[in-house]
Structure formats: C-alpha cells, structure tokens
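All remarks here apply to the structure that follows.
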Amino acid sequence: MHDIKAIRENPAALDAALARRGAEPMSSQVLALDAERRTKIQAAEEAQSVQKKAAKEVGAAKAKGDEAEFERLRALVGEKKAEVAAMQTEAKALDQQLTDLLMGIPNTPFDDTPDGADEDDNVEINRWGTPVELSFEAKEHYDLAGVKPGMDFETAAKLSGSRFVVLSGAVARIHRALAQFMINTHIDENGLTETWTPVLVKPEMMYGTGQLPKFGEDSYETTNGWWLVPTAEVTLTNIVNNVTVEESYLPRRYVAHTQCFRSEAGSAGRDTSGMLRQHQFEKVEMVSITKPDASRAELDRMTKCAEGILERLGLPYRTVALCTGDMGFGAQRTHDIEVWLPGQNTYREISSVSVCGDFQARRMNARFKPADGGKPEFLHTLNGSGLAVGRCLIAVLENGQQEDGSVVLPEVLHPYLGGKTTLTAEGTLA
C-alpha cells in the first residue's frame, strides 16, 4: 500500500510510476478523497470543541438560575453531539474508501526495472547451461514411457476435475526427492530457516500480501471465510504482520515447502496439457524480511539461491528482469527464472523472485526499531520460488529423457532415491 503523505507531497511521482506500468493516473482521485476525509475530520473536531465548551457552560447557567440559557446550552450540546457522531461515521467511511483505493494501486517500479508493455519487453540478465541436443524427437513429460505409469490425469479428473494429477510410484518419489533436495540446499547452503506453516489463512493475511482485495478470483475461499494459500509467501511474510521487531532481528530468511492452490482464473486454454499449470501444486518458497537499505541486494541474493538449485540439477535456464508492464501487482522489480523444456523446445518460468519494498509492510503494519533508537520504520519484504516442485519435475524428466522413454536422473538426487540413477522405460527406479 502507498504512503498517503508521499502522495500529498509528490502526486506526480505516483502518476509517473503508474504510467510506466501502463496504468491511468490516480493521484487526483486519491487526493480528492483524502481532502474530503480530512475536511470531515476537521469539522467533527470543531463540532466536538463547541460541544465540550457548551457542556461546561451548562452547569454555570443552571447555577445562576438562568433557565433559558440552560435550556439553550443543553439543546446545543445534544445537537453538536449528534453532529459529531454523524461526521465521525462519515469520516470513518471515507477513511475506509481511501484505504481501499490505496490498496488497489500497484507498487511503484524501481528505476532499474525495464520499461515495457508485456513479456516481449522483458530483459535477459543471465543464462546458464546449454540446451540438450537430442538425436531423436523430444517428447513432453507426460508422453514419456517411463512417466506414464506414475502420472495419472484421468483418475485425478475423476477425483477433482481438470488440472489435477495423481502421482504414484517412482514419479511420486522423484517429485518428493526434488522438494527435499531444495529444502536441504536452502537450509544447509543458503542459510534459510526451514518453516512449516498452515495452508489455510484468515482474509487479513491475504490483504497483507496483496492477494486481496483485487485478486480474490485467483484463489480459493472456504465456506467459513478462510483462504487456501496460493503460495507460502502469504504465511511466511505475514509472520511479521502487525509486529515491530528489533533491527538485530534482521534480515530474516525463511523457506517453506507447502501445497499451493490457485484457481487459475482467466487462464482457460493455456498450458492445459500435462502438469505445467495445476490448481494444486507444491512449491518451495523463499521469503526475506529486511531493512530498506538491504532489500535490493537481497533480491540478487535470492535470485542466486533459486538459480543454484537448477545448476545443481544440471538444468539449463535463463533469467529475465520483468518489464513494468509484465510485473506483478506488489513488486518493484522481479526476476523470472525460466528452465529449458526440450518437449516444448523453449524456456518456461520455474521461479519468480520479487522485491516489494515497504508495499506489503504498510498493508501489514510491519516495522522495525532502528538500533540507534530512531523512529520505527517499515520493513521491506521479498519473496521467490525456490523452486516450483512440479515444474522442476517436468524439467528433470524432459531434460534427462532417453530415446527408449527412460530418464537419466540428476546426480544430486541419487542419495534421495536410495542410490537409484534412472527412471526406466517401465516406470521403475534402477
């Protein structure tokens, strides 16, 4: 959420930032509502002052025996009390309208975020590995002979509908091994704190990270008003919701492996084959909580953490800086990591790492106390996939595929698979 004081001081800066995102200017609408709210508050305060003054004079008029003045003042007190109550109610309603308006305005991009309209304007900033050259026609993951016995979309559709999958046997074990490998690497090598969190959250937690109110259709709400998390970003970031921490507490770096749930609203017809885009999936999520002056460097550190997982797995990838028109609602700068998928003969997103500045912290009222005793400041938050487990499974299967439908598995996974090195064409580990 944006700082209303900053908008008052420099409304042009907000409009310029929104223009970079291809959005309409908002400062005049914000300031008009803010002015109306402040006028109503001031009027309520003035009426309350008159009320208090008249209330003090009532007793004096009574003591003097001035019945007419006593009745006038008593009527005035009642009148002003009603006015104050009405104005305070109106001011509260206007304050909520202003909050709702500010919550619907996207974050302002960093100066080094590339300008652009859509994904065609994203800028590649890193590339690692060489896409595998196969002597046969590459297949997508779900068409591999060794995968078919353990990846069942038909049964999943019977159980839950489209965009679900049932994994079993060797494929399920590889999927689990990938998650364990990611978590262990982030803990042992990247210094993240393993965290286990709920997948059901209160609506205010979704407001805190920006999924609500604008993007509710992308997630699932339960009958009692809770929400299924679209990512562990929601729970990990909200650990500091309405909390003021000491500066010595920072930086805080979390990692969690959770189920995630997304309705995929508006994505009809996109990536419907296989398990690339599912309603339920697993993800290893990284979240960092930092001081303002450390967040930009933290974005680069988190990006390296995610890239390192792919490098350890031997999976070619490229990293792009998203342009202003393709960047998410709450981000100031985002790095998307795209892994090579031979079956599609292209790179596909497997991680998105974003710095949000104080945008989420303002929504959550999350602050820190400077060590020098200064006034508490808003924290900065970052989040990123480290990685999407299902998409990583796809990449491992497709990049390791052999002509007979078997899959050679990355060496780093062997210890998690009991020393097995291959998914056979029959769907077993060997």
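The values are calculated or read from the model by the stated rules, or taken from the named source; none is laboratory data. Just so it is clear, the structure is predicted and the values come from calculations on it, not from any experiment. All Cβ positions, glycine included, derive from the backbone under ideal geometry; neighbour counts span all protein chains shown. Please note that ligands, DNA and RNA were not included when accessible areas were found on the heavy atoms of the full protein model with its side chains. Shrake-Rupley method; radii C 1.70, N 1.55, O 1.52, S 1.80 Å.
Do you know which residues across the stretch 334-357 are open to solvent by 10 Å² or more (accessible area, probe 1.4 Å) and either touching a Gly at 6+ places or on another chain (Cβ under 9 Å) or not basic (K, R) (or both)? Show your work before the answer.
Filtering the stretch 334-357 down to residues open to solvent by 10 Å² or more (accessible area, probe 1.4 Å) leaves 336, 338, 340, 342-349, 352, 354.
The answer is D336, E338, W340, P342, G343, Q344, N345, T346, Y347, E349, S352, S354.
Considering only the stretch 213-222, how many residues are in contact with a strand residue (DSSP E or B) (Cβ under 8 Å, 6 or more places away or on another chain) and either in a loop (DSSP other than H, G, I, E, B) or open to solvent by less than 10 Å² (accessible area, probe 1.4 Å) (or both)?
2
Yes or no: H380 open to solvent by 20 Å² or more (accessible area, probe 1.4 Å), at pLDDT 95 or above and out of contact with any strand residue (DSSP E or B) (no Cβ under 8 Å at 6 or more places or on another chain)? Talk me through it step by step, then tell me what you get.
Working: open to solvent by 20 Å² or more (accessible area, probe 1.4 Å): yes; at pLDDT 95 or above: yes; out of contact with any strand residue (DSSP E or B) (no Cβ under 8 Å at 6 or more places or on another chain): no.
In short, no.
Can you name the number of the only condition in (1) within 19 Å of the chain's Cα centre (by Cα); (2) on the phi < 0 side of the Ramachandran plot that E264 fails?
(2)
So R312 ticks every box in (1) in contact with a Ser or Thr (Cβ under 9 Å, 6 or more places away or on another chain); (2) open to solvent by 40 Å² or more (accessible area, probe 1.4 Å); (3) not in a helix (DSSP H, G or I) but one. Which box is left unticked?
(3)
Out of all the residues in the stretch 142-171, which are of a type in the set (G, A, S), in a loop (DSSP other than H, G, I, E, B) and either open to solvent by less than 40 Å² (accessible area, probe 1.4 Å) or at pLDDT below 95 (or both)?
Of all residues in the stretch 142-171, those of a type in the set (G, A, S) come to 145-146, 150, 156-157, 160-162, 168-170.
Now restrict to residues that are in a loop (DSSP other than H, G, I, E, B): 145-146, 161-162, 168.
Those that are of a type in the set (G, A, S), in a loop (DSSP other than H, G, I, E, B) and either open to solvent by less than 40 Å² (accessible area, probe 1.4 Å) or at pLDDT below 95 (or both): G146, G161, S162.
Tally the residues that are of a type in the set (G, A, S) and either in contact (Cβ under 8 Å) with a residue 40 or more places away in the chain or open to solvent by 50 Å² or more (accessible area, probe 1.4 Å) (or both), restricting the search to the stretch 223-254. Explain how you work it out, then say what you get.
Step one: of the stretch 223-254, the residues of a type in the set (G, A, S) are 225, 232, 248.
Those still in the list that are either in contact (Cβ under 8 Å) with a residue 40 or more places away in the chain or open to solvent by 50 Å² or more (accessible area, probe 1.4 Å) (or both) too: 232, 248.
Total meeting the criteria: 2.
Taking Q360 and the conditions (1) open to solvent by 40 Å² or more (accessible area, probe 1.4 Å); (2) within 30 Å of the chain's Cα centre (by Cα), which numbered condition does it fall short on, given that it satisfies the others?
Only one criterion is unmet by Q360, namely (1).
Quick check on my filter: what residues within the stretch 19-34 are open to solvent by 40 Å² or more (accessible area, probe 1.4 Å) and either among the acidic types (D, E) or free of Cβ contacts under 8 Å to residues at least 24 places away in the same chain (or both)?
A19, E24, P25, S28, A32
Would you call A60 under 26 Å from T381 (Cα atoms) and open to solvent by 40 Å² or more (accessible area, probe 1.4 Å)? Please lay out each step first, then the result.
Details: under 26 Å from T381 (Cα atoms): no; open to solvent by 40 Å² or more (accessible area, probe 1.4 Å): yes.
The answer is no for A60.
Got at least one residue in the stretch 178-189 being open to solvent by 20 Å² or more (accessible area, probe 1.4 Å) and of a type in the set (S, T, Y)?
So the first thing to find is which residues in the stretch 178-189 are open to solvent by 20 Å² or more (accessible area, probe 1.4 Å), and the list is 180, 184, 187-189.
Then drop every residue that is not of a type in the set (S, T, Y), which leaves none.
Scanning the stretch 178-189, I find no residue that is open to solvent by 20 Å² or more (accessible area, probe 1.4 Å) and of a type in the set (S, T, Y), so the answer is no.
Could you list all residues from the stretch 191-206 that are buried (at least 16 other Cβ atoms within 10 Å of the Cβ), touching a Phe, Trp or Tyr at 6+ places or on another chain (Cβ under 6 Å) and outside any loop (DSSP other than H, G, I, E, B)?
V201, M206
Among the residues of the stretch 396-419, what is the count of those that are free of Cβ contacts under 8 Å to residues at least 60 places away in the same chain, part of a loop (DSSP other than H, G, I, E, B) and open to solvent by 40 Å² or more (accessible area, probe 1.4 Å)?
Result for the stretch 396-419: 3.
Report the residue count in the stretch 202-220 for those that are touching a residue at least 12 places away in the same chain (Cβ under 8 Å) and under 25 Å from V389 (Cα atoms).
Within the stretch 202-220, residues that are touching a residue at least 12 places away in the same chain (Cβ under 8 Å) and under 25 Å from V389 (Cα atoms) number 10.
Here's a check for you: in the stretch 98-141, which residue that is in contact with a strand residue (DSSP E or B) (Cβ under 9 Å, 6 or more places away or on another chain) and part of a helix (DSSP H, G or I) is surrounded by the fewest Cβ atoms within 10 Å (Cβ to Cβ)?
Only one residue tops the list, namely E119.
All but one of (1) within 28 Å of P131 (Cβ to Cβ); (2) touching a Lys or Arg at 6+ places or on another chain (Cβ under 6 Å); (3) not in a strand (DSSP E or B) hold for T324, so report the exception by its number.
Only one criterion in (1) within 28 Å of P131 (Cβ to Cβ); (2) touching a Lys or Arg at 6+ places or on another chain (Cβ under 6 Å); (3) not in a strand (DSSP E or B) is unmet by T324, namely (1).
Name the residue, out of K80, K40, K53, that is open to solvent by 50 Å² or more (accessible area, probe 1.4 Å), more than 30 Å from M206 (Cβ to Cβ) and either in contact (Cβ under 8 Å) with a residue 24 or more places away in the chain or charged (D, E, K, R) (or both). I'd like the intermediate steps shown before the answer.
On the way: K80 fails: open to solvent by 50 Å² or more (accessible area, probe 1.4 Å); K40 fails: more than 30 Å from M206 (Cβ to Cβ).
Going through K80, K40, K53 in turn, the sole match is K53.
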